[in-house]
């Protein structure tokens, strides 16, 4: 192509945009952690209880997508690119909607590509000597303008300098071919590696853009689906929590939202910070039962097309956690045999820990079935040799003083082998401790057993 006098030519600039599917993938990718933050805020607070997550979860998704769009736009912006210029050499931190700019010169009916603009980095096409596609799909624009293309000492040591790196997957295959053709037209001696040639030799499949957009639509639907499933989970947890709160501490200030849902009678009574009418035990239990049944209706009748809900509750850990929550609520409601059956399901779903077994033992003891509770603890100790809490449960559940001493001696022998080792330890002060987490229920249960034992 004959050179154009740039002083007389008209310079035009056009932007080569990234594909729409790439933009969607980018914004949805940023929306996931943003929505996760929203979910954690709701999970850790109670101020949203008067709202319905199942009604406003689409708003949360749209808010996450909007914030993701703003974040991606900022990461691509010239402002951030200029701030990071010492480290990024003028290249943008992210390619979102804008891929590269193409600068052309037009004079007397002739057009010549002059340069490309990558972020704030302008590359003269006359200086480009090689295009290299890496294994990860990054297109390296290389040049020997600084190093030279030959060496009088050793020709093989000349390695072109990388002046820019472009994620080629931002473009569909047709635009990738057009981009490389643009470089080849402007640089007749351009060198390309075999990987890039193989990609360019691939045929453009009809409907490829449609398939890419379909993939983008699927991950967008997945975001909405996960949002629905987590919102359903939060709504269920709120109902289970409300039922337990009403049954255990009905006069707490936190019960105000749930008290409002109770049936009312003629007389007025102060409950917590809320004044309601004649809140009796029957009303409290009826309200708790209504909350539990509402949660169960959500659990058993989810949206049939929700893939995320099925994936969430097909997980054994989730099943065990949910069964334990339901069991605690049922036990407070007085449906104790159902609670025990649910705890058995939870233990079978998650046999690795022993937290559920402790709850199961407490419930058995509350029903006077201490022998069964002791067997549960013995089964735990068969699998977990280095724990303390199940041993204390077993000691407390035994009424015989001599049997407790036997359990203590056997436990100390086993703990010496598994945890403590020989003492005194070397160096002095290096004794090995038992690290366990105790909950309030554990302390209350053990205290109750100790007081009963002392009274006897």
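The values are calculated or read from the model by the stated rules, or taken from the named source; none is laboratory data. What you see is a predicted model; the values in this text were computed from it and never measured. Cβ: placed from backbone, ideal geometry, glycine included. Neighbour counts: every protein chain shown.
Some values worked out for this structure:
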{"quantity": "Options 387, 380; residue that is part of a helix (DSSP H, G or I), under 43 Å from the mean Cα position of the chain (by Cα) and in contact (Cβ under 8 Å) with a residue 24 or more places away in the chain", "calculated": "380"}
{"quantity": "Failed criterion for residue 419 (all others in (1) in contact (Cβ under 8 Å) with a residue 12 or more places away in the chain; (2) closer than 20 Å to residue 449 by Cβ hold)", "calculated": "(2)"}
{"quantity": "Qualifying positions in the range 297-325 - without any contact (Cβ under 8 Å) to a residue 24 or more places away in the chain and more than 22 Å from the chain's Cα centre (by Cα)", "calculated": "297, 300, 301, 304"}
{"quantity": "Subset of the range 119-136 that is under 42 Å from the mean Cα position of the chain (by Cα) and closer than 18 Å to residue 184 by Cα - its residue that is surrounded by the fewest Cβ atoms within 10 Å (Cβ to Cβ)", "calculated": "122"}
{"quantity": "Residue match in the range 68-75 (condition: at pLDDT 95 or above, surrounded by fewer than 13 Cβ atoms within 10 Å (Cβ to Cβ) and either out of contact with any helix residue (DSSP H, G or I) (no Cβ under 6 Å at 6 or more places or on another chain) or within 19 Å of residue 241 (Cβ to Cβ) (or both))", "calculated": "yes"}
{"quantity": "Any hit, the range 330-337, residues being closer than 22 Å to residue 447 by Cα and either surrounded by fewer than 20 Cβ atoms within 10 Å (Cβ to Cβ) or within 31 Å of the chain's Cα centre (by Cα) (or both)", "calculated": "yes"}
{"quantity": "Condition check for residue 139: within 27 Å of residue 112 (Cα to Cα) and within 33 Å of the chain's Cα centre (by Cα)", "calculated": "yes"}
